Amino acid sequence: MTGATVVVPRQPPPDVGGVTGRAVQLGRPGDGLAGVGGGPVEFGRLLAGFRLDRGFSQEELADRSGMSVRAIRSLEQGRVGRPRRMSITLLADALALTDAERADVEAAVIAPDGRAGERVAARTAPRQLPSDIEDFTGRDLALERLHARVKSRRRGSTAVVITAAVGKAGVGKTTLAVHAAHQLRRLFPDGQLYVNLRGVEAQALDPAEVLGGFLRALGVDGYAIPDDVDERARLYRSLLADRRVLVLLDNAADAAQVRRLLPAGVGNVVLVTSRARLSGLGLAEVIDLDVLPPEQAVELLGKIVGPGRVAAEPQAAWTIAALCGYLPLALRVVGARLAAKPHWRLQRLADRLGAENRRLDELAAGDLEVRASVALSYQGLDEVERRGFRLLGLLEVPDFAPWMLSALLDVPAGEAEGVAERLADAQLLDAVGEDPAGQLRYRFHDLLRLYARERLAEEDTPAARRAALERTLQTYFTTAQESLRSLRLRSPELPGQAAPAVPPDVAARLAWAYQWLATEHKGVVASLDQAWRESLGGLGQALARLLADFFEVYACWDEWERTHKVALRAAQLAGDRHAEASLLRGLGDLRRFQRRLPDAVAYFTRSIAVFCELDDAGGEADSLIGLARAHRRQGRLDDAVACFERCLERCRQLGDRDREAKAMLFFAKVRRQQGRCADALALLADCRETFRSLGNIGYAGYSDLVLGITAYECGQYELAADHLQQALAFARMLGDPRWEAYVLLNLGATAHARGSHDEARQQLEQALAMFEQVGDRHGASRTCQALAAIREATAAPGALRTSAGGVPATGQTAGRSAG
């Protein structure tokens with residue numbers, strides 16, 4: 001017999017009068033068994049004798065051993081053919097038998113043929129793990145974390161190690177857990193238990209049923225397994241208390257299903273897989289499993305279909321992996337299909353997967369099916385969550401905040417956030433995190449989005465779908481317009497719409513609007529495209545015109561081109577001349593930034609002609625500013641001056657100080673190029689004060705930047721540093737690292753010109769880090785040039801290079817950042 005596995009008192013209770021005598025009559029230990037017929041009757045007499053000798057009732061022995069009263073009664077009455085060794089162990093431990101007493105009990109167990117009974121063997125060590133797979137791919141970091149958690153217990157800890165792998169349907173949670181369990185099995189000589197809890201199926205396994213299976217695997221007789229689930233859990237914990245067993249609980253529904261299945265004992269480890277987070281279990285580690293990286297997805301496909309086929313058609317293999325969303329289940333499905341059809345080229349399946357409306361049909365092979373796997377999660381939702389999931393399939397944004405779900409469902413924002421969180425908990429949405437504007441963000445996996453659209457087409461009417469989409473796009477575009485107007489980069493020009501009042505906390509509103517647009521602009525552009533396709537383009541027509549302001553600041557050239565060309569065609573078809581003129585000007589601004597200056601001049605000229613035709617002096621003034629800036633870039637300074645003077649005249653006729661200040665801001669750059677520094681600085685100082693008096697802090701901050709650069713180029717370094725510091729404070733208030741980097745670049749150039757080389761180096765190094773952070777290679781290159789100039793200057797004192805105008809070359813480089 002092995003040592004005790006159940007924690008019970010080892011001291012027998014005091015003898016009670018008359019008990020010992022009765023025990024002897026029933027078969028008192030020590031009487032010897034030689035020549036006595038063994039078997040269940042003899043074992044039962046011995047068991048009853050030991051129980052009475054200890055002063056236990058059958059109920060008390062049942063409580064101590066974890067067995068049922070019925071089981072003990074059957075054993076004592078000899079109704080059990082041959083007691084199982086686990087039952088003998090439990091009872092011996094509960095009775096605190098000595099080694100000799102245990103030997104007597106074992107000897108009483110006689111084989112059915114009457115021969116002397118075999119001694120009870122070593123305790124049962126189950127080996128229940130499913131087979132490992134040969135083509136396991138990737139997941140190195142996840143495996144490393146699992147191994148580290150299992151092998152590196154905190155010193156002094158007596159808690160069982162519980163580690164969970166969570167993720168969406170088909171992401172490979174079970175595959176990872178089984179593979180890790182096989183790698184770790186040698187650390188658990190007392191066995192490995194496994195169960196598929198069927199957590200997302202309609203009939204998830206009951207913990208009582210699972211415990212019954214575990215107890216039988218551990219050697220407990222079926223009749224000895226308690227009926228009550230809590231009693232089963234106590235017996236299970238007792239059996240594993242002093243063992244080293246790995247327990248793999250696969251596909252758990254929630255923490256409640258898992259809790260009773262957790263063993264006790266410091267030597268045990270539990271691996272759990274689930275689509276839910278299982279909060280409340282005290283998990284030592286949670287591994288959020290995502291789809292495979294693209295290269296590993298292709299590697300997995302190659303292992304299934306054969307590396308030769310992938311090598312023969314590499315581009316098709318990458319396309320298949322992408323269309324599968326790099327989801328392991330989908331890759332295994334297509335791999336199985338291709339393996340079964342060796343005569344198929346990979347491109348054939350890639351073409352079939354390319355049709356979105358039948359992609360999920362293609363992702364099925366035998367009992368592997370992506371649609372069925374996702375359906376289990378969907379069916380586990382309540383009605384509101386299912387509707388929210390379906391309606392989210394309408395959106396074409398890369399990710400979204402809960403307010404979009406609020407608009408889709410037409411429910412309060414708080415309720416929508418709760419729905420989004422529950423969908424994320426069910427692994428039907430991916431939680432991205434919090435964006436710079438403070439919004440939680442979520443996204444769809446491509447295949448889940450396709451499933452949502454399938455359910456939407458099946459369960460919702462076309463009218464309901466269109467109403468939800470129109471309601472959401474209207475909310476989205478209205479919010480975007482309000483944010484753009486908060487930037488105050490250009491006065492609202494839409495007919496019949498007055499400029500909004502300046503909010504009380506201008507700085508906070510501006511920062512929020514800027515961050516919101518920085519986060520949402522890709523989604524806004526995708527939604528504008530969708531609006532045109534769905535014949536809802538009227539919702540976004542005004543927005544498309546205003547977006548040029550943001551695109552200019554954030555250098556979104558591709559999005560600028562897409563939105564304006566589509567909107568321009570729509571405006572021309574509709575005969576909307578005002579929209580046409582505005583969009584022509586926007587395209588002129590884009591071409592100016594792309595340095596396609598003849599095209600820019602042509603667009604501005606057409607725009608001015610339409611605004612003049614409409615007698616719209618404000619629109620004409622804005623287009624004149626754009627034309628003047630294009631002429632300045634061409635070096636046609638006299639033409640630029642003529643445009644600015646005409647523009648200023650229009651602004652003064654209108655009494656529009658905001659437009660006038662903008663014209664002065666860009667006019668100052670022309671004066672600087674003409675060498676008229678005093679005039680340039682005077683114009684900039686005037687326009688800066690005008691912006692501040694009007695509450696246009698966006699352009700006031702930009703004016704500080706231009707003033708700082710211009711003062712630097714004019715050799716007024718103290719004035720430059722003062723305004724650049726104010727521009728830096730504005731950039732940090734916006735929370736935009738790109739703006740901040742450009743200001744730091746110019747501050748570094750100014751400090752270098754003043755001879756403060758250490759200060760300059762520090763500011764330029766900060767600028768370089770920020771340019772690299774946002775992926776601005778042009779800014780990074782200019783910063784590297786400025787740092788090289790500092791190294792050259794400090795290496796050879798007095799060798800500071802200057803431009804033709806007598807200004808340090810680093811200043812010329814930095815000065816162009818303001819356009």
I'm trying to understand the selection: among the residues of region 274-292, which are surrounded by fewer than 18 Cβ atoms within 10 Å (Cβ to Cβ) and more than 22 Å from LEU141 (Cβ to Cβ)? SER279, GLY280, GLY282
Test ALA769 against the criterion of being touching a strand residue (DSSP E or B) at 6+ places or on another chain (Cβ under 6 Å) and at pLDDT below 95, and give yes or no. no
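Per-residue answers, yes or no, for (1) of a type outside the set (Val, Ile, Thr); (2) buried (at least 18 other Cβ atoms within 10 Å of the Cβ); (3) within 30 Å of GLY735 (Cβ to Cβ); (4) in contact (Cβ under 8 Å) with a residue 24 or more places away in the chain:
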| site | (1), (2), (3), (4) |
| --- | --- |
| LYS522 | yes, no, yes, yes |
| TRP532 | yes, yes, no, yes |
| GLY538 | yes, no, no, no |
| ALA548 | yes, yes, yes, yes |
| ALA555 | yes, no, yes, yes |
| GLU559 | yes, yes, yes, yes |
| ARG585 | yes, yes, yes, yes |
| ALA602 | yes, no, no, no |
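Can you name the residue in region 363-373 that is in contact (Cβ under 8 Å) with a residue 12 or more places away in the chain and open to solvent by 10 Å² or more (accessible area, probe 1.4 Å) and is also farthest from LEU323 (Cα to Cα) among such residues? Don't jump to the end; show me each part of the working.
Taking region 363-373 and keeping what is in contact (Cβ under 8 Å) with a residue 12 or more places away in the chain, we get 363-366, 368-371, 373.
Now narrow it down to the ones that are open to solvent by 10 Å² or more (accessible area, probe 1.4 Å): 364-366, 368-369, 371, 373.
Working: ALA364: 14, ALA365: 16, GLY366: 20, LEU368: 17, GLU369: 15, ARG371: 15, SER373: 17 Å.
Checked region 363-373; the qualifying residue farthest from LEU323 (Cα to Cα) is GLY366.
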Within region 256-273, identify whether any single residue is among the aliphatic types (A, V, I, L, M), modelled with pLDDT under 85 and open to solvent by 10 Å² or more (accessible area, probe 1.4 Å), and answer yes or no. yes
Just wondering, is there one or more residues in region 682-692 that are touching a His at 6+ places or on another chain (Cβ under 7 Å), assigned to a helix (DSSP H, G or I) and closer than 26 Å to THR783 by Cβ? no
Test THR163 against the criterion of being within 32 Å of the chain's Cα centre (by Cα), under 19 Å from LEU262 (Cβ atoms) and hydroxyl-bearing (Ser, Thr, Tyr), and give yes or no. yes
ARG633 - would you say it is over 21 Å from TYR702 (Cα atoms), open to solvent by 10 Å² or more (accessible area, probe 1.4 Å), part of a helix (DSSP H, G or I) and charged (D, E, K, R)? no
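Residues checked against (1) more than 14 Å from ARG449 (Cβ to Cβ); (2) in contact with a helix residue (DSSP H, G or I) (Cβ under 8 Å, 6 or more places away or on another chain); (3) not basic (Lys, Arg):
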| site | (1), (2), (3) |
| --- | --- |
| ALA317 | yes, yes, yes |
| ALA336 | yes, yes, yes |
| ALA340 | yes, no, yes |
| ARG359 | no, yes, no |
| LEU391 | no, yes, yes |
| LEU394 | no, yes, yes |
Pick from region 723-778 the residues that are acidic (Asp, Glu) and more than 22 Å from PHE550 (Cα to Cα): which of them is surrounded by the fewest Cβ atoms within 10 Å (Cβ to Cβ)? ASP758
Enumeration of residues in region 280-295 that are assigned to a loop (DSSP other than H, G, I, E, B), over 19 Å from ALA177 (Cβ atoms) and in contact with a helix residue (DSSP H, G or I) (Cβ under 8 Å, 6 or more places away or on another chain): GLY280
Residues of region 354-388 that turn out to be more than 14 Å from LEU329 (Cβ to Cβ) and touching a Lys or Arg at 6+ places or on another chain (Cβ under 7 Å), as a count: 2
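I need the full set of residues from region 779-788 which are among the hydrophobic types (A, V, I, L, M, F, W, C) and crowded, with 21+ Cβ neighbours inside 10 Å, in order please.
If the condition is that a residue be among the hydrophobic types (A, V, I, L, M, F, W, C) and crowded, with 21+ Cβ neighbours inside 10 Å, then ALA786 is the only one that fits.
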Please give the number of the condition ALA574 fails out of (1) touching a residue at least 40 places away in the same chain (Cβ under 8 Å); (2) farther than 19 Å from TRP739 by Cβ. (1)
Hey, could you check region 70-94 for residues that are without any contact (Cβ under 8 Å) to a residue 60 or more places away in the chain and farther than 19 Å from LEU218 by Cβ and say which is most open to solvent (accessible area, probe 1.4 Å)? ARG79
If only one of ASP230, ASP190 is in a loop (DSSP other than H, G, I, E, B), among the acidic types (Asp, Glu) and open to solvent by 10 Å² or more (accessible area, probe 1.4 Å), which one is it? ASP190
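Residue-wise test of (1) touching a strand residue (DSSP E or B) at 6+ places or on another chain (Cβ under 8 Å); (2) without any contact (Cβ under 8 Å) to a residue 40 or more places away in the chain; (3) open to solvent by 60 Å² or more (accessible area, probe 1.4 Å).
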site	(1), (2), (3)
LEU408	no, no, no
ALA424	yes, yes, no
GLU434	yes, yes, yes
LEU456	no, no, no
THR461	no, yes, yes
ARG485	no, no, no
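Okay, residues lined up against (1) in contact (Cβ under 8 Å) with a residue 40 or more places away in the chain; (2) within 13 Å of PHE400 (Cβ to Cβ):
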{"site": "TYR442", "(1), (2)": "yes, yes"}
{"site": "ASP446", "(1), (2)": "yes, no"}
{"site": "ALA467", "(1), (2)": "no, no"}
{"site": "ARG471", "(1), (2)": "yes, no"}
Checking GLY755 against (1) in a helix (DSSP H, G or I); (2) within 29 Å of THR794 (Cβ to Cβ): exactly one of these is not met. Which one? (1)
Matching option when the condition is modelled with pLDDT under 90, surrounded by 16 or more Cβ atoms within 10 Å (Cβ to Cβ), over 31 Å from the mean Cα position of the chain (by Cα) and aliphatic (A, V, I, L, M), among ALA125, ALA169: ALA125
Contacts under 7 angstrom Cβ, first residue in region 332-346 being over 16 Å from GLU369 (Cα atoms), partner not in a helix (DSSP H, G or I), 6 or more apart: ARG345/GLU313; LEU346/GLU313
With the condition kept exactly as written, say whether any residue in region 478-493 is on the phi < 0 side of the Ramachandran plot, at pLDDT below 70 and among the small types (Gly, Ala, Ser). yes
So if I check each of ARG569, ARG592, which one is open to solvent by 50 Å² or more (accessible area, probe 1.4 Å) and among the basic types (Lys, Arg)? ARG569
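Listed here are the residues, each with its yes/no results for (1) at pLDDT 85 or above; (2) under 30 Å from the mean Cα position of the chain (by Cα); (3) outside any helix (DSSP H, G or I).
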| site | (1), (2), (3) |
| --- | --- |
| GLY538 | no, no, no |
| LEU546 | no, no, no |
| PHE550 | no, yes, no |
| TRP560 | yes, yes, no |
| VAL566 | yes, no, no |
| ALA570 | yes, no, no |
| ALA579 | yes, no, no |
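Yes or no, residue by residue, for (1) within 23 Å of the chain's Cα centre (by Cα); (2) of a type in the set (A, V, I, L, M, F, W, C):
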residue	(1), (2)
LEU331	yes, yes
ALA339	no, yes
PRO342	no, no
GLU362	no, no
ASP382	no, no
GLY393	yes, no
ASP399	yes, no
Name the single residue that is most open to solvent (accessible area, probe 1.4 Å) among those in region 643-681 being farther than 25 Å from LEU719 by Cα and assigned to a loop (DSSP other than H, G, I, E, B). GLY655
Residue count, region 95-122 (criterion: open to solvent by 40 Å² or more (accessible area, probe 1.4 Å) and modelled with pLDDT of 75 or more): 1
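The values are calculated or read from the model by the stated rules, or taken from the named source; none is laboratory data. Quick caveat, the model's predicted, so the values are computed rather than measured. With ideal geometry, Cβ positions are generated from the backbone for all residues, glycine too; neighbour counts draw on all protein chains shown. Each accessible area value is taken on the protein alone, full model and side chains, heavy atoms only, with ligands, DNA and RNA left out. Shrake-Rupley method; radii C 1.70, N 1.55, O 1.52, S 1.80 Å.
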